[in-house]
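The block underneath contains the structure these notes are about, expressed in structure tokens.
The values are calculated or read from the model by the stated rules, or taken from the named source; none is laboratory data. Just so you know, these numbers come straight off a predicted model, no measurement behind them. Here the Cβ is made from the backbone with ideal geometry for all residues, glycine too, and neighbour counts use every protein chain on show.
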Amino acid sequence: MLLLSAVIVRKAMARFFSLRPLNLPFSTKRAETCYVSFIAFVLFALMLFSMVPHASLAAPQPAAKPAAKAQPEKAAKPLRILVLGDSLADGIWAGLYWESRRSGQFEALRFAKNGTGLSRADYYNWEQKAKSLINAQKPDAVVMMVGINDRQALYATDNKKRYRFRSEEWLKRYKARVRAVMRHSQNKKIPLFWIGLPIMRDQNMRKDAEYFNAIYKEAATEFANIFYVPLWNVTLDENGQYSSYRRTTAGKVKKFRASDGIHFTMSGYSILATHITASLTANIPTLRTDALQIAATDSEETAKTRPPKRPSEPASQKQPEAKQTAAQTGQKTSPETKPAQKTETAPQAPITAAMEDRWQGVRSMLQAETAVKPNTPPQKTLTVGVMPAGIKDSLADARLSIRDSSKAAIEVLDSLVGEFEARDAVIARCENRINELVTEASVKMGALSKLLDDVDRLKNELSEKDKKIKMLEQQLAKTSNTQTPAVAQ
């Protein structure tokens with residue numbers, strides 16, 4: 001076709017130049033040859049253009065970006081949880097703080113004070129302080145825990161007397177203070193979660209903890225909006241006894257309680273906070289609704305973004321496929337060829353959700369790049385259904401190294417927290433002892449002041465008597481002077 005066109009154009013140009021020669025500086029023959037060559041080149045380009053399919057000239061469509069993972073809707077206004085009580089309550093606040101950072105559904109307000117309780121109202125009056133904090137902070141819920149510092153005489157603010165621990169009057173007044181805090185929260189229509197004491201290492205403290213838990217549980221049953229949250233069974237080991245260590249779900253043993261046998265490590269407070277958060281979620285309708293919505297959103301997005309696992313095929317189905325592939329390619333299979341045996345490898349660390357999400361984006365991009373376009377010959381595509389072993393191994397190694405380093409740091413922090421908690425407990429006991437000594441000294445000073453008053457009174461009486469004695473002496477002197485002249489006469 002191309003040659004025929006060139007011949008026709010050449011003859012036409014020759015005829016044209018023979019009839020009407022051009023005034024060119026070079027010969028007519030050379031001009032004819034140049035024009036014929038140029039026109040032949042143009043026709044050749046047009047033929048190539050007509051042979052190219054129009055679909056290939058269309059602008060390539062950009063690869064579809066993977067859908068962004070929808071974030072779960074957080075609560076518009078997190079619930080305010082007011083934490084009151086002693087040093088144990090302060091540790092629970094720390095656990096609730098990290099739990100709130102994880103969920104974002106509530107905010108833990110720290111108002112606990114170490115070394116306090118309900119017995120020593122002269123040192124720290126929780127009955128009045130709790131009322132003022134509830135009125136000022138206006139929380140959505142209150143978490144309170146006391147009792148570990150109440151194993152002492154109760155100071156009465158009305159008559160300035162002290163009542164012996166576990167006496168009848170002590171029990172009566174202590175229950176009245178517990179009910180006063182609960183009643184105020186009930187009147188404000190704010191749910192109060194009273195946390196029970198955990199099991200203690202010391203036998204006497206363990207009995208006292210059970211004694212206090214019975215008081216709190218009985219008082220909580222008298223109010224509709226007060227919830228008693230026991231920690232006794234949560235802090236027991238597998239044998240139902242006290243233990244400073246606990247085995248985690250991963251099978252590792254971690255320190256659970258502090259060295260004083262009373263407080264907890266940070267990991268222990270985290271376990272208690274999880275238990276308390278479950279009680280909060282079960283009894284606060286707003287918190288429960290938000291938690292259920294977030295759980296449903298997480299499950300839906302996980303089902304959309306994560307690809308389903310491919311079912312494992314039996315070996316009987318895989319072998320025919322291999323034979324069929326060899327037949328198509330025309331290759332001969334050697335009878336001595338044996339299937340590769342799988343080597344047993346150490347179990348790798350599980351891939352987290354964040355890693356899967358990142359790999360999902362890479363997978364979608366690779367699929368878009370390797371997709372077969374229309375009107376193009378089939379090409380070899382990259383299989384991206386499964387994460388490559390090299391990337392998976394590197395991610396697992398990185399995760400293990402980070403986990404080991406963080407584990408060592410957490411153990412150091414746990415030991416430091418345990419030491420500081422032990423020192424805080426010693427300081428709290430010293431403060432309690434100092435307060436007792438101050439109280440005893442004040443009582444003795446009062447008795448001494450009474451003795452001084454009695455001494456002053458006796459001095460006044462003696463001075464009065466001295467005056468009377470002098471008056472009698474003067475009267476006797478006068479009487480003796482009047483009688484002396486008479487005797488002389």
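Looking only at the stretch 214-266, which residues are closer than 19 Å to M200 by Cα and loosely packed, with under 13 Cβ neighbours inside 10 Å? Scanning the stretch 214-266 gives A214, N233, E238, N239, G240, Q241, Y245.
Can L171 be described as under 30 Å from P285 (Cβ atoms) and surrounded by 15 or more Cβ atoms within 10 Å (Cβ to Cβ)? Judged against the criteria, L171 is not a match. Residue pairs whose Cβ atoms lie under 9 Å apart, sitting 6 or more positions apart in sequence or on different chains, and linking a residue in the stretch 200-211 that is closer than 16 Å to F264 by Cα to a partner that is loosely packed, with under 14 Cβ neighbours inside 10 Å, are M200/K207.
If you go through the stretch 211-257 and pick out every residue that is assigned to a loop (DSSP other than H, G, I, E, B) and under 21 Å from the mean Cα position of the chain (by Cα), you end up with 8. In the stretch 265-301, of all residues being more than 17 Å from the chain's Cα centre (by Cα) and of a type in the set (A, V, I, L, M, F, W, C), the one that is modelled with the highest pLDDT corresponds to A282. Remark: pairs (first residue in the stretch 183-197, under 19 Å from T281 (Cα atoms); second residue of a type in the set (D, E, K, R) and assigned to a loop (DSSP other than H, G, I, E, B); Cβ separation under 9 Å; 6+ apart in sequence or on different chains) = I190/K138; I190/D140; P191/D140.
Restricted to the stretch 58-116, and to residues that are farther than 15 Å from Y269 by Cβ and among the polar types (S, T, N, Q), which residue is modelled with the highest pLDDT? Residue satisfying both the conditions and the ranking: T116.
Going through the stretch 198-219 one residue at a time, which ones are hydroxyl-bearing (S, T, Y) and either under 25 Å from P285 (Cα atoms) or at pLDDT below 95 (or both)? Before the answer, list the steps.
Looking only at the stretch 198-219, we keep the residues that are hydroxyl-bearing (S, T, Y), and these are 211, 216.
Within the stretch 198-219, Y216 is the sole residue that qualifies.
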